[in-house]
Amino acid sequence: MPAQSNSPTEGEFLKLFRDQSQMKNRRAKSLLIALLLLFFVFVFYSPAQPRRATKRITNDARPRLILLIVVDQFRYDYLTRFGDMFTSRGIGRLMRDGASWTDANFDSVPTTTAPGHAVFMTGAWPSQTGIIANEWYEPDTGKKVKSITDDSSLAVGGKEGEKGKSPRRLLCSTVGDELRLANRDQSKVIGISTKDRSAILPAGRRANAAYWFSTDNGNMMSSAYYFNQLPEWVTRFNQRHMADKFFAQPWNRILPDESEYLKRAGKDDVPWENLDKSSSDTNYFPHVITGGLNAPGRMFYKGLDYTPFANDILVTFAEEAITNEKLGAHDAPDVLSVSFSANDYVGHRFGPYSQEAMDMTLRVDRQIATLLDFVDARVGLQNTLVVFTGDHGASPVPEQAAIMNLPGRRYQKLDLLDFVEAGLKKRYGRKDRPANDYVRSFANKDETERGIINGNFYLNRAALARDGIDVDECERVVGELAMQMPGAARYFTRAQLESKSISPTDVVARRVLNGFYAQRSGDVIVVFEPYNILFDLPDDPTDPRSTATHGSPYSYDTHVPLIIMGRNFSPGQYLQPATPADIAPTLANVLQIQAPSCSIGRILSEAMRTSEPKRPPAGD
């Protein structure tokens, strides 16, 4: 019997090979499944994943452009009086798509242009910024100075030999300053206005540029503080002589039917709009501005400030700035502030309850619409954060207030000064001590004037020391004498303010304290009753006198709009009290930068989104 072989047959060998191959395939599939499971576990169950579930505002979500829009002398009630007549793309768009605070008030006095514009981007009151008024007396130099006076620089684009302007007297940093510090000057910061102080102060000390309108030659001008010659695009703009196109052009009502004006603002030709001859204007429509000239010149350019055409020039120039400086097109956010000054000039000439003020309000709505449409096309409003506000309100014309049974009266600064100086002579005067120089005198250009400005009395401390008069006592005497003048309500002394002997619940006193900066303010500050206005003659005799004004601690001067529109904010009305000092810290929070150096405002967190708004699905 032959021996049996242990080797597999051919069929067995093939079966074994197939079994081993199948086992290897199963192992490979198992390994592949295991690897896939590990991959999905890593991707979908990573411990970092929950942090991405709620998308927070990061650097990528920062706006590419911060656009601050200020309308000078824009009272809050213009939103309620005329809001139903605004277009859907201007202030109406801001009211609809923005977060609006209905109770936003300045908490300092005086409520004037320079202090207001210094607040927006510093988040601080004049007691910190040092910008206590449009102009004040400087005790160290014995001169009257403006908030942006800078004799160390020259004007660029103005008249030959003209001194420059700068933010050197601004003591605090701005949002733009902090932004440029944070990113090593990658951001551009530019301020634009008809007024020099309104262009310079919001932009800050480290701004790339500030531009304003020259009433000497009709140019947009600047200062050697920023550069020694105008950028080429500004020169090209000035060569267009845009201002000259408005010479003798009539300013008519924007609405064809006067009935709406009569219903909301009253008659046009009224006696309290008592324009002096230097205005070369009438107190009724149409207004034809020539400045009394036969061709464009200085008096025409000064008169142009009192028309909506000045705002038209500003919008066109802002568009040129956005285009040529490529604002909003950089990796770092840019800042542009645009302040419309013509509304203030018109308000001073005709008052807040005039057809002219109403027409300016309707027109600035449309001018802002033009600007926002341009920004939307160039930058995208979804990439822009827009802030809209006013630098102060305005009081009714005193004579009009009196007709409306309000306690309106007009007083002149020199009347108060004469009243107080006569009382000082009576109190302290002797044969060897006439007591006629206890109120200090200051140089103002080529003249000398006695030291009362913005309701501030500046005492002559050298004269008081010479005559052995106690300064604190003299402050009280001056205050009590001022109270004997009709219309005067309260006074505050330097000793009282420096010791902060003020109750924080006393609103008027707190606003005076917030407006007091010891090195620049006076020794006695007088506040008048509501609707009682202390006027002063303009420095320039070619400037017309004001019919109406502002500056008080009362609501008609302090209450302003505050609207923020951008993807970081939820639209709607907010009833929480707010102030313009809240703008700067809120912007700093959105930009994720250090708040400005003196900022004391609060972050307006009630309107801020904590996550990005959900985007609609494609095709919706």
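Couple of notes before you dig in:
- Only Lys, Arg, Asp and Glu carry charge here, each on its Cβ (+1 for the first two, -1 for the last two); on that basis the chain has a dipole of about 2260 debye about its Cα centre.
- Once the Cα gyration tensor of region 96-162 is diagonalised, semi-axes √(5λ) in Å: 30, 18, 9
- Just so you know, the averaged projected area of the alpha carbon convex hull for the chain sits at 42.8 nm².
- Three-way shape call for region 286-388 based on the alpha-carbon gyration tensor, with the a/c threshold at 1.5: prolate
- Distribution of pairwise C-alpha distances over region 203-323, 5 Å bins, in %: 2, 10, 17, 18, 16, 13, 10, 8, 4, 2, 0
- Of the residues Ser108, Ala248, Leu94, the one whose Cα sits farthest towards the positive end of the charge dipole of the chain is Leu94 (charges of +1 on Lys and Arg Cβ, -1 on Asp and Glu Cβ, taken about the Cα centre).
- In terms of overall dimensions, region 336-407 has a Cα radius of gyration and Dmax of 16.1, 51 angstrom.
- Per residue accessible area in Å² of the chain, where ligands, DNA and RNA are left out and the probe is 1.4 Å: 45
- Relative contact order of region 226-345, defined on C-alpha pairs under 8 angstrom at six or more residues apart (%): 23
- Built amide H within the under 5 Å cut-off of Gly328, gap 5+: Asp334
- Per-residue ³J(HN,Hα) for region 388-402, Karplus 6.51 cos²θ - 1.76 cosθ + 1.60, θ = phi - 60°, Hz, x for Gly and Pro: 10, 7, x, 8, 4, x, 6, 8, x, 4, x, 5, 5, 4, 5
- Most positive-pole-ward Cα, Pro202, Tyr428, Pro271, against dipole of the chain from beta carbon charges: Pro202
- In order through region 246-260: 3J(HN,Hα) via Karplus (6.51 cos²θ - 1.76 cosθ + 1.60), integer Hz, x for Gly, Pro: 9, 4, 6, 7, x, 9, 9, 4, 6, 8, x, 9, 6, 4, 5
- The convex hull around the C-alpha trace of region 467-620, projected and averaged over every direction, spans 16.1 square nanometres.
- Solvent-accessible area, 1.4 Å probe, carbon plus sulfur percent, for region 460-556: 50
- Between Lys159 and Asp257, residue separation times 0.36 nm minus the direct Cα-Cα distance comes to 31.0 nm.
- Isolated cysteines in the chain, defined as those with no second cysteine Cβ under 4.7 Å, comprise Cys474.
- Rounded, prolate or oblate (a/c below 1.5 giving rounded, otherwise prolate when a/b exceeds b/c) for region 409-556 by Cα gyration tensor: oblate
- log₁₀ of I(q)/I(0) at q = 0.22 Å⁻¹ - region 335-471, Debye sum with one point per alpha carbon: -1.27
- Cα-centred dipole magnitude for region 522-597, charges only on beta-carbon of K, R (+1) and D, E (-1), debye, nearest 20: 540
- Taken one residue at a time, the phi angles of region 559-572 give Karplus couplings (6.51, -1.76, 1.60, θ = phi - 60°) of 7, 9, x, 9, 10, 10, 10, x, 5, 7, 10, 8, x, x Hz. Gly and Pro are set to x.
- When the alpha-carbon atoms of region 61-140 are used, the pair Rg, Dmax equals 15.8, 52 angstrom.
- Relative to the longest principal axis of the Cα atoms of the chain, the long axis of helix 10-44 lies at roughly 10 degrees.
- Nearest 10 degrees, 0 to 90: helix 471-483 Cα axis against the chain principal axis: 80
- Average Cα contact separation per residue, region 52-180, under 8 Å, 6 or more apart, as relative contact order %: 15
- For the pair region 305-365 and region 520-546, the centres of their Cα atoms are 26 angstrom apart.
- For region 254-347, a simple Cβ point-charge model (Lys and Arg +1, Asp and Glu -1, everything else neutral) yields a dipole of about 300 debye relative to the Cα centre.
- Residue (of Leu591, Ile563, Pro541) at the positive-pole extreme of the chain, dipole from beta-carbon charges: Leu591
- When the Cα convex hull of region 120-216 is projected onto planes of every orientation, the mean area is 6.8 nm².
- Centroid-to-centroid separation of region 60-138 and region 367-436 [C-alpha atoms, Å]: 16
- Sparse-neighbour loop sites [GluC sites (Glu not before Pro); region 162-248; at most 14 other C-beta within 10 Å; DSSP]: none
- Amide H contacts for Lys165 (H built 1.01 Å from N in the peptide plane; partners 5 or more residues away or on another chain; cut-off under 5 Å): Ala224, Tyr225.
- Cα gyration tensor shape for region 510-557, rounded if a/c is under 1.5, else prolate or oblate: oblate
- Distances between placed amide hydrogens fall under 5 Å for Gly98 paired with Gly572, all partners being 5 or more residues away or on another chain.
The values are calculated or read from the model by the stated rules, or taken from the named source; none is laboratory data. Bear in mind the structure is a predicted one, so any value in this text is a computation, not a measurement. A quick note on method: Cβ atoms are made from the backbone with ideal geometry, for glycine too, and the neighbour counts reach across all protein chains shown. Each accessible area value is taken on the protein alone, full model and side chains, heavy atoms only, with ligands, DNA and RNA left out. Shrake-Rupley method; radii C 1.70, N 1.55, O 1.52, S 1.80 Å.
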